[in-house]
Structure formats: C-alpha cells, structure tokens
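Before any comments, here is the structure.
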Amino acid sequence: MKKTKRILALIGAILLLLLYVVAFVATVLDHTSDMRYWKAAVAATIIIPVLIWAYSFVYRLLKGSDKESDDVTKKP
C-alpha cells in the first residue's frame, strides 16, 4: 500500500507540472492579459488535492477500517 501511495503521489506531481506547462503555453499563445489560465492552474492545484483527500477520508469512514491496518509507521 505504501508503494502504491508513492506512485500515485508521483503521478499527481507530474500531472500538476504538466498543468502549469499547458497554462504557460496557452498564455503565450493567447496573448491576453487576464491570466485566466494561471488562475485555473492555481485553483486546480488547491482544489484537486483537497477533493482527493476528502474522498479518501469519506471512503475510510464508510469502509469502517480500523486504525491498526492504516498505520504506516507500524513495523513488520
């Protein structure tokens, strides 16, 4: 589970980086001064991780998992 979380975090970081690259390219090509692409990128950077956390939190609540199985600091 720990390895899966690391892989998903890396994929998320790459997607956020690509989001900013696309926003930069779109801003350069659009030649407008309203910065709507940058605003959308910043909003997505904040909103998407919060939604993912909220979904996983609600899933854990509905699943009813015990704290012992979710403890990542537990040594084998």
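Couple of notes before you dig in:
- Single residue of region 25-61 satisfying the filter (assigned to a helix (DSSP H, G or I) and of a type in the set (S, T, N, Q)) that is nearest to Ile11 (Cα to Cα): Thr45
- Residue list for region 30-44, filter: modelled with pLDDT under 85 and either surrounded by 11 or more Cβ atoms within 10 Å (Cβ to Cβ) or charged (D, E, K, R) (or both): Asp30, Asp34, Met35, Arg36, Tyr37, Trp38, Lys39, Ala40, Ala41
- The single condition among (1) surrounded by fewer than 10 Cβ atoms within 10 Å (Cβ to Cβ); (2) of a type in the set (D, E, K, R); (3) at pLDDT below 80 that Asp70 does not satisfy is (1).
- Only residues that are under 15 Å from Ile46 (Cα atoms) and surrounded by 13 or more Cβ atoms within 10 Å (Cβ to Cβ) were counted across region 12-29, and they come to 4.
The values are calculated or read from the model by the stated rules, or taken from the named source; none is laboratory data. Worth saying up front: this structure is predicted, and the values here are computed from it rather than measured. Every residue, glycine among them, receives a Cβ derived from its backbone with ideal geometry; neighbour counts consider all protein chains shown.
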